[in-house]
Amino acid sequence: MSSLSERPPDPVVGRAVPHESARLHVTGHALYTDDLTPRTKDVLHAWPVQAPHAHARVLELRTGPALAVPGVVRVLTAADVPGVNDAGVKGDEPLFPQEVCFYGHAVCWVLGATQEAARRGAAAVEVDYEPLPSLVTLAEAVAADSFQGAQPTVERGDVRSALAGAARTFSGQTELAGQEHFYLETHASLASVEDDGRIFVQSSTQHPSETQEIVAHVLGLRSHEVTVQCLRMGGGFGGKEMQPHGYAAIAALGARLTGRPVRLRLNRTQDLTMTGKRHGFHADWRVGFDEEGRLQALEATLTSDGGWSLDLSEPVLARALCHVENNYWIPHVRVTGRIARTHKTSQTAFRGFGGPQGMLVIEDILGRCAPLLGIEPHELRRRNFYADGQSTPYGQVITQAGRVRAAWEQVSTEGELDRRRAEVARFNAEHEHVKRAVAVTPVKFGISFNLTAFNQGGALVHVYKDGSVLINHGGTEMGQGLHTKMLQVAATTLGVPPAAVRLAPTRTDKVPNTSATAASSSADLNGAAVKDACEQIRGRLAQVAAQRLGVPAPDVRFRDGVVGGLGTTETLPWDDLVHSAYFARVQLFAAGYYRTEGLHWDSRVMRGSPFKYFAHGVAATEVEVDGFTGAYRTRRVDIVHDVGDSLSPLVDVGQIEGAYVQGAGWLTLEDLRWDEGDGEHRGRLLTQSASTYKLPSFSEMPPVFHVKLLEHASEEGAVYGSKAVGEPPLMLALSVREALRQACAAFGPEGTSVDLASPATPEAVFWALQEARSAHGRAGEVTAGLGARPPGPDPHAPERRPESEAALSGLSEA
Ligand code: MTE
Ligand code: MOS
């Protein structure tokens, strides 16, 4: 085993400890960025002037009336920008736009002595707009040929002839919606100017280094003149990977121009209407199976709705293409991706980062085709699992196929799936208007940033003379427990009790050039860097201890604050050793570094081995659906998930539960709607608060929710044998969608293929089960449009949203 993966005896990693800030969280003592505002003197508040058009030209901006409002100090406009007027890294996101690109786009910002003054000032700004034609839906953008960014293809084999030679082929469309992050803490920045003009920005950001770069380029400064600190976030979920930069830059610009600290905190409606969300996707596909239901070929085009600017749309699309096969072996594949440009918020990273969208497509295909093939969905899935030695369509070799099979077996046995399926069948036979179903789906999720360069991490570890330890590392804490894990890693490596170690907030002047805390990789990257720094210090201390204990340095052992040696009973307290090391002039701090080896990726041809490893999991979900209303509930969930050898089991189980519920929210409840009409509010986000955007709450929690970590899963070559956990379990929620589909099918004759809209809201489920009821054929008897509506519109049916329309049409055997 490599020294990176190996654990010493009695390690602090692997202990089920609470989140390092849990006590502060629950007592209200934890400070978030905006909590600093009342502690800061002479703060100005920033408020945006949001455009009431989806697309328009700014003809004139009159700021004079705002300046007449009492308490207004300044209005920031494009003319104030000393550097580059752009909030992103692609050069397509003007910070102060001349062209409004979505409803709610901020055209300028007002600074006031109070928030109320800034708000009134913003209301007083006069803007003349020339409205322009807008593209609000994906379909409109496609029709207008409005695309942005690269259009990559993942390809292997010969799809055309494989489809031609397949025993059964099907084609269809899949449409899936985006998702609002709804982190509890909205976007927040607090900027101030230091004595020599340096800028200090406190920001709720997953990517402090990039926030620093953007602030610097907007202000025309170098990176060493800007420091960004992130105390912690009240959730990020990907929404703070790229989106905080512009807000931090506005606050920094205001501070620079007024000399006073500037605070910018979006209220909930501003956050919802201005910041990006998960990308919705549309997929067009053809798939071929052999006689036994084994996948032969997949041809698909994935179109994502990128919103008005590129942001992270390209890497999100790349990850979608790299996860479209999920855990299934498909010999011949050609999947092309493209990003539509629409007049909406700029869609961005969201837990899973395109992976969920890619996987939904294949799970949708299997769920729809299983009844037509006459194979149980769970059997169809299992039959198509990868085996070791096979490779993904982009060329990465599969080496841990056994883990998905093991998790699948464990979920099947411990979840008693055979017994419960029989029970469900009995229940369904006895109940005409209520149906149940159990579905099982696997997850295989690649860990590492697709872009190889991002796979590096840094740390700075200080040991003070009294033996206490302070860690800085490049990752940010957003509730996911990264700091808890880093503390456990440092305590393990140094052989000290956890109480001896503290974490300092993330700052760009401590660890430079960091990657975003994203791609679930932060414990891997920063953990290995923390371990590296601690090993350097431990190595030097071992020299000192060797002399005092009279043993060779390699024989010195550090454990729980006591330093001993092989072949001696003599020991030294850690604090004592550190103290004497200081007087022997031994360096007690170190910078650690790690880069993931063995990765390669060619984004031009979409080939390589971009991932260090895959994280795996399996979930079984049982639902019950009411035939009169489409209302449903989740009865039971069983999960076995692969986190390697867990660094922190309580944290990991929390991540798995949270991710599953967040995924279930995306797939069932959360329904983003924009005004797609031609009225004056065209393009406006209609779901702008928690009253119209339904999030999962305690009442939707599965009453039976079993989460187990896959055992004997130590990961070679990763820090202390662990695996990343943050995103992969979100996709376990695909099992709830598949269970709903199967329950809908149970309302129809055997062999009914159900096309279910996403999100599968009760309304969507109602329409899907109505379709199932009216289906009158068995698999194979109907060649096209199985599950199609009866001819002619039903005059009694309420109007359907176009998405559902598209999603409900279209599965046909070709
Ligand atoms: N968990 C909590 N509580 N809050 C969050 O914002 N973000 C998720 C996941 N888990 C998030 C979370 C996302 S999108 C990612 S990429 C990972 O955490 C990032 O942290 P990690 O790399 O330390 O896993
Ligand atoms: Mo997570 S979507 O990679 O921030």
| task | Answer yes if at least one residue in the range 296-308 is touching a Cys at 6+ places or on another chain (Cβ under 7 Å) and at negative phi, and no otherwise. | result | yes
| query | Could you count how many residues in the range 672-696 are out of contact with any Phe, Trp or Tyr (no Cβ under 7 Å at 6 or more places or on another chain) and either surrounded by 23 or more Cβ atoms within 10 Å (Cβ to Cβ) or among the β-branched types (Val, Ile, Thr) (or both)? | reply | 1
| request: Answer with yes or no whether residue 559 is out of contact with any strand residue (DSSP E or B) (no Cβ under 9 Å at 6 or more places or on another chain), on the phi < 0 side of the Ramachandran plot and of a type in the set (Lys, Arg). | output: yes
| Is it the case that residue 303 is more than 16 Å from ligand 2 (Cβ to nearest atom), assigned to a strand (DSSP E or B) and closer than 30 Å to residue 236 by Cβ? | yes
| said: Which count do you get for residues in the range 692-706 that are at pLDDT below 95 and assigned to a loop (DSSP other than H, G, I, E, B)? | reply: 2
| Odd one out for residue 297, checked against (1) in a helix (DSSP H, G or I); (2) buried (at least 23 other Cβ atoms within 10 Å of the Cβ) | (1)
| field | Failed condition for residue 528, given (1) out of contact with any Pro (no Cβ under 8 Å at 6 or more places or on another chain); (2) within 16 Å of ligand 2 (Cβ to nearest atom) | value | (2)
| said: With over 25 Å from the mean Cα position of the chain (by Cα), crowded, with 24+ Cβ neighbours inside 10 Å and either within 16 Å of ligand 2 (Cβ to nearest atom) or of a type outside the set (Lys, Arg) (or both) as the only criterion, which of 356, 331, 377 stands out? | reply: 377
| query | Out of the range 244-265, which residues are surrounded by 24 or more Cβ atoms within 10 Å (Cβ to Cβ) and of a type in the set (A, V, I, L, M)? | reply | 248, 249, 250, 251, 252, 253, 255, 262, 264
| note | Cβ pairs under 7 Å, 6+ apart or interchain, first in the range 759-775 and farther than 11 Å from residue 629 by Cα, second among the aromatic types (Phe, Trp, Tyr), ordered by first then second residue, are 759/666; 772/747; 773/747
| Residues in the range 200-213: is at least one outside any helix (DSSP H, G or I), among the aliphatic types (A, V, I, L, M) and closer than 28 Å to residue 513 by Cβ? | yes
| field | Test: residue 463 is crowded, with 24+ Cβ neighbours inside 10 Å and touching a His at 6+ places or on another chain (Cβ under 7 Å) | value | no
| note | Exactly one of 722, 699 is in contact with a helix residue (DSSP H, G or I) (Cβ under 9 Å, 6 or more places away or on another chain) and among the small types (Gly, Ala, Ser), and that one is 722
| query | Only one residue in 287, 201, 215, 262 is more than 16 Å from ligand 2 (Cβ to nearest atom), of a type outside the set (Phe, Trp, Tyr) and in contact with a Phe, Trp or Tyr (Cβ under 8 Å, 6 or more places away or on another chain), so which one is that? | reply | 287
| task | Can you work out which of the residues in the range 224-250 that are in contact (Cβ under 8 Å) with a residue 12 or more places away in the chain and part of a helix (DSSP H, G or I) is farthest from ligand 1 (Cβ to nearest atom)? | result | 225
| field | Selected residue [within 16 Å of ligand 1 (Cβ to nearest atom), touching a residue at least 40 places away in the same chain (Cβ under 8 Å), within 24 Å of residue 594 (Cβ to Cβ) and not aliphatic (A, V, I, L, M)] from 512, 505 | value | 505
| message | So, in the range 328-350, how many residues would count as being within 14 Å of ligand 1 (Cβ to nearest atom) and out of contact with any Asp or Glu (no Cβ under 7 Å at 6 or more places or on another chain)? | response | 1
| request: Quick one: in the range 135-151, of everything that is surrounded by fewer than 17 Cβ atoms within 10 Å (Cβ to Cβ) and out of contact with any Asp or Glu (no Cβ under 9 Å at 6 or more places or on another chain), which residue is nearest to residue 606 (Cα to Cα)? | output: 151
| task | Name the residue, out of 486, 478, that is part of a helix (DSSP H, G or I), among the hydrophobic types (A, V, I, L, M, F, W, C), closer than 30 Å to residue 355 by Cα and modelled with pLDDT of 95 or more. | result | 486
| said: Going through 725, 707, 736 one at a time, which residue ends up being touching a Ser or Thr at 6+ places or on another chain (Cβ under 7 Å), within 16 Å of ligand 1 (Cβ to nearest atom) and either under 27 Å from residue 364 (Cα atoms) or not acidic (Asp, Glu) (or both)? | reply: 725
| remark: Restricting attention to the range 85-125, the residues that are closer than 22 Å to residue 72 by Cα and at pLDDT below 95 number exactly 0
| message | From the list 264, 257, exactly one residue is of a type outside the set (Phe, Trp, Tyr), over 28 Å from the mean Cα position of the chain (by Cα) and either more than 16 Å from ligand 1 (Cβ to nearest atom) or not in a helix (DSSP H, G or I) (or both). Which is it? | response | 257
| query | If we scan the range 106-114, do we find a residue that is within 30 Å of residue 222 (Cβ to Cβ), without any contact (Cβ under 8 Å) to a residue 40 or more places away in the chain and β-branched (Val, Ile, Thr)? | reply | no
| said: Criterion first (touching a helix residue (DSSP H, G or I) at 6+ places or on another chain (Cβ under 6 Å), crowded, with 21+ Cβ neighbours inside 10 Å and either under 23 Å from residue 473 (Cβ atoms) or of a type outside the set (Phe, Trp, Tyr) (or both)) does residue 563 satisfy it? | reply: yes
| message | If residue 353 satisfies all but one of (1) within 16 Å of ligand 1 (Cβ to nearest atom); (2) at negative phi, what's the number of the condition it fails? | response | (2)
| Would you say residue 495 is crowded, with 24+ Cβ neighbours inside 10 Å, of a type in the set (Gly, Ala, Ser) and in contact with a His (Cβ under 7 Å, 6 or more places away or on another chain)? | no
| note | Scanning the range 697-713 for residues that are of a type in the set (A, V, I, L, M) and buried (at least 18 other Cβ atoms within 10 Å of the Cβ) gives 707, 709, 710, 713
| task | Report whether or not residue 713 is assigned to a loop (DSSP other than H, G, I, E, B), in contact with a helix residue (DSSP H, G or I) (Cβ under 7 Å, 6 or more places away or on another chain) and at pLDDT 95 or above. | result | yes
| request: Inspect all residues belonging to the range 75-91 and state whether any of them is buried (at least 22 other Cβ atoms within 10 Å of the Cβ), closer than 21 Å to residue 147 by Cβ and free of Cβ contacts under 8 Å to residues at least 60 places away in the same chain. | output: no
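The values are calculated or read from the model by the stated rules, or taken from the named source; none is laboratory data. Keep in mind the model is a prediction, meaning the values are calculated, not measured. FYI the Cβ positions are ideal-geometry reconstructions off the backbone, even for glycines, and counts take in every protein chain you see.
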